[in-house]
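In what follows, a structure is listed as structure tokens, so that the remarks can point back to it.
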Amino acid sequence: MEREILFTQNGQPGSYFPLDDDDAVSNNSDDQRLKLLGYKQELRRSLSAVANFSVAFSIISVLTGLTTTFETGLRYGGPATMVYGWPLIGAMTMAVGLSMAEICSAFPTSGGLYFWSARLCGAHWGPLASWLTGW
């Protein structure tokens, strides 16, 4: 028995179908948030320390990133770019990362960026924003 719940967000009407009460959901706040979004927890969300390090290391790409960054910075900006630019850009990058972490905690779905962009843009621009994010 599905029951549709209607709501209004940013002046736009919307709806979702919550899961039945007999679906097993733990007391974890992420699981409860997923249930409110109309999803059921299906993926295992845990990484070992080695797996976490491996993913972070491959995403950061230290070996290729450092060589090109140092060469470009020293050639076109000199030591001042390296001394003042790295902390400044690092702080800005941290702000972007913290903002994305906050969005991730609000919408903890496996679709990630596609779902976030669709929800944050609203019903009119959501599909286009989601497609552009994936493209």
Does ILE103 satisfy the criteria of being more than 18 Å from the chain's Cα centre (by Cα) and among the β-branched types (Val, Ile, Thr)? no
Wholly inside region 2-100, helices (runs of 4 or more DSSP H) that include 1 or more residues that are of a type in the set (D, E, K, R), modelled with pLDDT of 75 or more and under 30 Å from LEU120 (Cβ atoms) are 29-37
| Does at least one position in region 110-133 carry a residue that is outside any helix (DSSP H, G or I), in contact (Cβ under 8 Å) with a residue 60 or more places away in the chain and under 23 Å from LEU34 (Cα atoms)? | yes
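The values are calculated or read from the model by the stated rules, or taken from the named source; none is laboratory data. As the structure is a computational prediction, the values presented were derived from the model and not from experiment. Ideal geometry is used to build each Cβ from the backbone, glycine not excepted, and the neighbour counts take in all protein chains shown.
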